[in-house]
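Peer 1: Here's a structure for you.
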Amino acid sequence: MTRPFSCLCLVLGLAGTGLQAATLPATQPEADACTEVNGDQILGRDLVHAFPGFHGIPQEIRIAPAPVPGGTRVFSQTELESLAARFGLRDITPGKTICFRVPMAPLNRQAVFEAMRRALPSLDTTIELADVSPEPAPPGVIHFPVDGLTRPALLDSPAMWRGEVVAGNRHFRIWARAKVSMPVTRLVAVEELKPGHIIQSQQLRAEQVDGFPLPKTTSVTVASAIGMMPLRLVPAGSEIRFENLAKPFDIARGDLVRVEVRLGRARLSLKGRAESAGRLGDMIPVLNPESNRIFQARVEGKGSVLVDPHGSGTE
C-alpha cells in the first residue's frame, strides 16, 4: 500500500528529488510552552529557568541571541547536551527540546502617553492620544522622538507619531496618533507676498497662537524671513511657512555679469549676460555679447561668475 508521505510527494512533484520524511521540520512548540525571555540575549538564568538542571552555569553569561519578537528559538537535545558539556555538567540529559520566546502584548496607552509627554515636557503642551498601533509589541522602553511627529493637514486633526520600543540593542517600530498643540509664534503676512519678490520687515507680523510644535529648524521668525522670497503667492493674513521660502537669486536672468576666466596663472575678464538665474555655487549659462557664444560659468557672488576651466561651452 502506498504510504501517505509518498502520495504527498507525488502530488507536490517532489518524487525523485531525494527528499525524505526525516527532513520535514518537527512540530513547532506552542508559544505558551516556551520560556519567556526579555532583552536581545538568552542568558544563563533564562536557561536555568527553562531547565533547572543547568543551575550550575553563570547567571549572566550569554547563551545565544534572543528570537525576534513574535518568533521562537528552540534548542535541540544535541545543543543542550553540548551546552552541558561546555559548562562541565556531565550528568545532564535533558531528554527534550527547550523553547524560548519574547513575550508580546498590546501597547499600554498610558505608557505611550507618558513617552509622548517625555518628548514634549512643556506644561503648556496639550496631548490627546487618539489611537495606537494594534500590533503586539515586546517589553522595553517606549520612545516617541519629536522628529517622528508628522504635521497634520489640520491643527484639530490627530497627527501621526512614529516611535519604537527599545529592548537592549533591538528596536521595534510602533506608531500612534495624537492631537498635539502648544503656544507657538507664527509669522503672518501683513500684505500679499508675491513669488520672486524680496520680503521686507513691514510686510510681516508675529503672533502667538496654539499651534503644532514645529522643529526649530523649520520655524520661521521675522529675522529669518526678511530678505527671503516666497515661492508661491502668500495672501494677506496667511501664515508664512518655511517650505515656501527661498533665498533670493544672486544673479537674475538677463543680468549683466562680470566674467572671470582662469587658465593656470592667466586671468581674463569680460562682460557677459546671464541666460538663467542662479545662486552662489550654481552653474549657469552666460552669453558673450561680442561673439554671441554661450558658455557655462559658476556664480561667485552678486553679479560675478567664474568660468570652470574643466567645463565646455556650447553655442
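Since every read-out is calculated from the coordinates, none of them should be taken as a lab result. Only a predicted model underlies this, so the values are computations on that prediction, with no experimental measurement involved. Please note: Cβ atoms are built from the backbone with ideal geometry, for glycine as well, and neighbour counts cover all protein chains shown.
Peer 1: Need the full-extension length gain, Ser291 to His197, defined as separation in residues times 0.36 nm minus the C-alpha distance. One decimal, nm. Walk me through the numbers before you get to the answer.
Peer 2: Values: separation 94, 0.36 × 94 = 33.84 nm, distance 3.32 nm.
In short, 30.5 nm is gained.
Peer 1: Determine which lysines satisfy two conditions relative to Lys247: a Cα distance under 28 Å, and not lying fewer than 8 residues away in the same chain.
Peer 2: Result set, ordered by chain and number: Lys194, Lys216, Lys271, Lys302.
Peer 1: Calculate the FRET efficiency for Arg86 and Arg117 from the Cβ-Cβ distance with a Förster distance of 51 Å, rounded to the nearest 0.05.
Peer 2: Details: r = 47 Å, r/R0 = 0.92.
It comes to 0.60.
Peer 1: Using the Cα centre of region 256-307 as origin and beta-carbon charges of +1 (Lys, Arg) and -1 (Asp, Glu), tell me which of Ile284, Val305, Leu268 is placed farthest towards the positive end of the dipole.
Peer 2: The listed residue farthest towards the positive side: Leu268.
Peer 1: Order the peptides 41-47, 184-190, 232-238 from the highest to the lowest mean number of other Cβ atoms within 10 Å of their residues. Mind showing how you got there, number by number?
Peer 2: Values: 41-47: 20.0, 184-190: 16.6, 232-238: 12.9.
My ranking of the peptides, most packed first, is 41-47, 184-190, 232-238.
Peer 1: So which GluC sites (Glu not before Pro) in region 124-205 are both in a DSSP loop and have at most 16 other Cβ atoms within 10 Å of their Cβ?
Peer 2: Values: sites: Glu128, Glu164, Glu191, Glu192; in loops: Glu191, Glu192.
Within region 124-205, the qualifying GluC sites (Glu not before Pro) (loop, at most 16 other Cβ atoms within 10 Å) are Glu191, Glu192.
Peer 1: Tell me the Kirkwood hydrodynamic radius of region 36-135 in angstroms, computed as one over the mean inverse distance between distinct C-alpha pairs.
Peer 2: On the way: mean 1/r = 0.0613 Å⁻¹.
Every distinct Cα pair counted, the radius reaches 16.3 Å.
Peer 1: Quick one: Karplus J couplings for region 113-119, per residue in order, coefficients 6.51, -1.76, 1.60, θ = phi - 60°, nearest Hz, x for Gly and Pro?
Peer 2: Values per residue, Gly and Pro as x: 4, 5, 5, 5, 5, 5, 6 Hz.
Peer 1: Output the peptides 98-107, 246-255 sorted from most to least packed, where packing is the average of other Cβ atoms within 10 Å over each peptide's residues. Each step should come with its number before you reach the end.
Peer 2: Details: 98-107: 18.2, 246-255: 15.9.
Taking the mean over residues of other Cβ atoms within 10 Å, the ranking is 98-107, 246-255.
Peer 1: Calculate the radius of gyration of the Cα atoms of region 256-307 to one decimal place, then report Dmax, the largest Cα-Cα distance, as a whole number, both in Å.
Peer 2: 10.1, 29
Peer 1: Something else: Taking 4 °C and 1.567 mPa s as the conditions, I'd like the Stokes-Einstein D for region 109-180 in µm²/s, using the Kirkwood hydrodynamic radius from alpha carbon pairs.
Peer 2: Details: Rh = 12.4 Å.
Once the numbers are plugged in, D ends up at 104 µm²/s.
Peer 1: OK, next. Based on the inverse mean of 1/r over its pairs of different Cα atoms, what is the Kirkwood hydrodynamic radius of region 157-293, in Å? Intermediate values should be presented prior to the final figure.
Peer 2: Numbers: mean 1/r = 0.0521 Å⁻¹.
By the Kirkwood definition, the hydrodynamic radius is 19.2 Å.
Peer 1: Hey, another quick one. Using only the Cα atoms of region 67-116, what do you get for the radius of gyration and for Dmax, in Å?
Peer 2: 17.8, 52
Peer 1: Now a separate question. Please give the contour-minus-distance gain from Leu256 to Phe242: 0.36 nm per residue of separation, less the Cα-Cα distance, rounded to one decimal in nm. Display every interim value, and only then the final one.
Peer 2: Numbers: separation 14, 0.36 × 14 = 5.04 nm, distance 3.11 nm.
Length gained, Leu256 through Phe242: 1.9 nm.
Peer 1: Sticking with this one: Loop-only GluC sites (Glu not before Pro) in region 28-111, please: DSSP not H, G, I, E or B, and at most 13 other Cβ atoms within 10 Å.
Peer 2: Details: sites: Glu30, Glu36, Glu60, Glu79, Glu81; in loops: Glu30, Glu60.
Loop-located and lightly packed - Glu30, Glu60.
Peer 1: Now a separate question. Please report the spacing between the Cα centers of region 101-135 and region 223-266 in Å, no decimals.
Peer 2: 43 Å
Peer 1: Can you compute the modelled spin-label distance between Lys96 and Ser133, with each label point 7 Å from Cα toward Cβ, in nm?
Peer 2: 3.4 nm
Peer 1: OK, next. State the Kirkwood hydrodynamic radius of region 183-246 in Å, one decimal place, computed from all pairs of distinct Cα atoms. Don't jump to the answer; show the numbers that get you there.
Peer 2: On the way: mean 1/r = 0.0859 Å⁻¹.
Its Kirkwood hydrodynamic radius stands at 11.6 Å.
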